[in-house]
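> Please see the structure below; I have some questions.
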Amino acid sequence: MALPSSPPLLEEENDLPIATTFLPLGSGSGISFGALQRKRQYADYDSLSSDPVFSDTTEDDEAQDAERPRRKKVVRGPWWHVGKGTAHDLRRGMAKKEGFRNADSGVWMGSDVSESSDSMLSSRQRMQELAVEGQVEDAVPARAIPEAETYASRIIQTCLDRGEEAVDLSDLALRSLSDSTVRPLHQLIKSSFTTFTHAPSEDEFSPLTPSLTLILSRNRLASLPAELFNLSNITCLSLRNNELDELPSAIVRLTRLTELNVSGNNIQYLPWELLDLMQGGERQILVRPNPLLQPTDLDEPYPLPSFSSTQVSSIDESQASSTRAKLDEGLRGELELRLKLGRTLKAQQMQAAMNEDDRPARNEELIYLASSHIRWLGVDGSPLRRARGTPPHDDDWPATMNPTAHAPTASATTHIPSLFELALRSLQATHNLADFLEPATAAEFEISSAVASAMHRAARNSAGTGNENCSCCGKYFIISRAEWVEYWFNGSASQQELDANSVLPFLRRVCSWGCAKVSEPGTFRC
Amino acid sequence: MRDVKAGSSEYITLVSNDGFEFKIQRSSACISGMIKRMLDPNGGFSESTTNVCKFSEINGIVLEKVCEYFYYNEKHKDSRDVPDMDFPPELCLELLMAADFLDT
Ligand SMILES: [Zn+2]
């Protein structure tokens, strides 16, 4: 039995499952914890103990296949290299399909096919058994690890050997970082555990919990390995000066983070989930500079609005200024008013809470300001065919007074997943999607490009950090049905007026049209 | 419901490529953007007068599941917490493609 290398988080209570990776040692009882999760954890650590760096052979994955749905699978390496065993499923599926097509007599005729698929599988298994030695090299020729990453891997190993909690991988010109390179960090305190013959109690645990500092600054990373977000003991993460286009929403799994630096990347909007990390103000989160979206032009100072002036100006300048400028001005005034509304509501709540506890009021505020138009998406995730007269999507996601304009139909309020989504989830859970995406197979099944791209996404989720959570109802989804950007004030309570440095954009993605609801004016976090 | 013209009725018939017929409530089936368009009296499709939709791409077993989904959707349309519907693994791919075709 492998030992867990990530102790539980003792302080936190409402963690996501990934953060509560407490594994009972020796027995599987006593912990109310998803069996799926447990299996994955075991598998991860098993593979670790055998060969830390090159642990992404497919045996683990195959061993798990029989025991649990594929949905929760954490795949190592790119998804297109994974799951060779499931060609069997595919063939069987085809056999069934054939059988059904020939089902005129009412008898399933697929016996020939099923026989051949069995023998095919067994010969495949045999080949794998024979090739176990050389498999790592054979199976992943394309994954020769670049030199920079080899170096990173060596640094990690050194830190493990010395028990150092600060892992400095900065300035390595890293262009990529793979799951297998960061996975050994799970082991950071593993040696301390080996003396235990029983499940450590909370008291025994807490001094052994490492506080991992991971410095990846000044590299050339355009994406992050999914495994990074399983390192729940990271307390300090620097991604400064890389080439990231986005910060994955899985960042919210790193609940022990106290410092996060993503400045100096190509990030235009932040994941909605980052708000959860920002609220409370205990964490130091640096997101600037980045090419962050703005709700409207906030660089010009705004003449402090009063209720009358905004109304009058729209009449006065009716013909003098362009529609766009007028709209912006009205919008700017609206944003300022909403900031005040949020502050008022917040002050009221603080007043009420003050009687119960004496927490000092925080100076930094998080107040909802405005949203962009909602982008409504079809069952396969492609933009809806747009009715005549609706403006094209603006890549800058500008804020608007009426985000729900251009909603598809009045009846589009359902929270029920589409048949497409449900079928895709079933497929993801029971099959290896990569098999279907091989050109020959895709052609054989006549898989359309829209379906193929949805399957790509599902496969990528399986290989990465899993399916996304709806930013409204929290349920998992593969295909988002609506997206928009919300702008939130993030600045000091003494700041009188909005400026470009005090507004943050957050991208929201939801599971259904019914979940496409922007925050109410006056919403705040504290 | 939209305006009811001659030829429209409360129930419609869906026909699979292997000849299975499913009678289903029009309002349930119109969750499908495709079926809705086929039945639109202004769309000019013959289906809008016959109330019969034939699908040359979809077989009986799959179409039965599609109809099951229509009822599932109808049943839960006002609830927020909906149990996921499960499908036999061997039907998933065909259902996915049918769902794409039906815009459902
Ligand atoms: Zn939702």
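The values are calculated or read from the model by the stated rules, or taken from the named source; none is laboratory data. Just so we're clear, the structure is a prediction, and the values are computed from it rather than from any experiment. For neighbour counting, all protein chains shown are included, and Cβ atoms are generated from backbone atoms with ideal geometry for every residue, glycine included.
> I want to confirm something. Restricting to the range B:71-93 and keeping residues that are more than 7 Å from chain A (Cβ to nearest Cβ) and not in a loop (DSSP other than H, G, I, E, B), which single residue is farthest from the chain's Cα centre (by Cα)?
Per the stated criteria, the residue is B:L91.
> State which residue is farthest from the ligand (Cβ to nearest atom) when the search covers only the range A:480-510 and only residues that are within 22 Å of A:Q268 (Cα to Cα) and in a loop (DSSP other than H, G, I, E, B).
So, considering only residues that are within 22 Å of A:Q268 (Cα to Cα) and in a loop (DSSP other than H, G, I, E, B), the one farthest from the ligand (Cβ to nearest atom) is A:D499.
> Checking A:G474 against (1) part of a strand (DSSP E or B); (2) within 12 Å of the ligand (Cβ to nearest atom), which single condition isn't satisfied?
(1)
> Let me ask something else. Report, by residue number, each residue of the range B:62-84 that is aliphatic (A, V, I, L, M) and buried (at least 19 other Cβ atoms within 10 Å of the Cβ).
Result: B:V62, B:L63, B:V66.
> Restricting attention to helices (runs of 4 or more DSSP H) lying wholly within the range A:126-235, give those where 1 or more residues are modelled with pLDDT of 95 or more and within 22 Å of A:E246 (Cα to Cα).
A:179-182
> Also, quick follow-up: Within the range A:374-469, considering only helices (runs of 4 or more DSSP H) that don't extend past its boundaries, which have at least 1 residues that are without any contact (Cβ under 8 Å) to a residue 60 or more places away in the chain?
Filter on the range A:374-469 gives A:419-430, A:439-444, A:449-463.
> Going by the conditions given, is A:E421 within 16 Å of the ligand (Cβ to nearest atom) and acidic (D, E)?
In short, yes.
> Taking the criterion of being away from chain B (no Cβ under 14 Å), under 18 Å from the mean Cα position of the chain (by Cα) and basic (K, R), would at least one residue in the range A:452-465 satisfy it?
Within the range A:452-465, one or more residues are away from chain B (no Cβ under 14 Å), under 18 Å from the mean Cα position of the chain (by Cα) and basic (K, R).
> Oh, and also: Given (1) facing another protein chain (nearest Cβ under 7 Å); (2) crowded, with 21+ Cβ neighbours inside 10 Å; (3) of a type outside the set (D, E), identify the lone condition not met by B:S32.
With respect to (1) facing another protein chain (nearest Cβ under 7 Å); (2) crowded, with 21+ Cβ neighbours inside 10 Å; (3) of a type outside the set (D, E), B:S32 is out only on (1).
> Take B:S16 and decide whether it is in contact (Cβ under 8 Å) with a residue 40 or more places away in the chain, facing chain A (nearest Cβ under 10 Å) and crowded, with 19+ Cβ neighbours inside 10 Å.
Considered against the rule, which asks whether it is in contact (Cβ under 8 Å) with a residue 40 or more places away in the chain, facing chain A (nearest Cβ under 10 Å) and crowded, with 19+ Cβ neighbours inside 10 Å, B:S16 comes out as no.
> Additional query: Please find, within the range B:50-70, the residue that is farthest from the other protein chains (Cβ to nearest Cβ) out of those that are farther than 22 Å from A:D380 by Cβ and of a type in the set (A, V, I, L, M, F, W, C).
In this case the residue turns out to be B:V52.
> From the set of residues in the range A:515-526 that are over 22 Å from A:R457 (Cα atoms) and among the small types (G, A, S), which is nearest to the ligand (Cβ to nearest atom)?
Applying the filter and picking the extreme gives A:S519.
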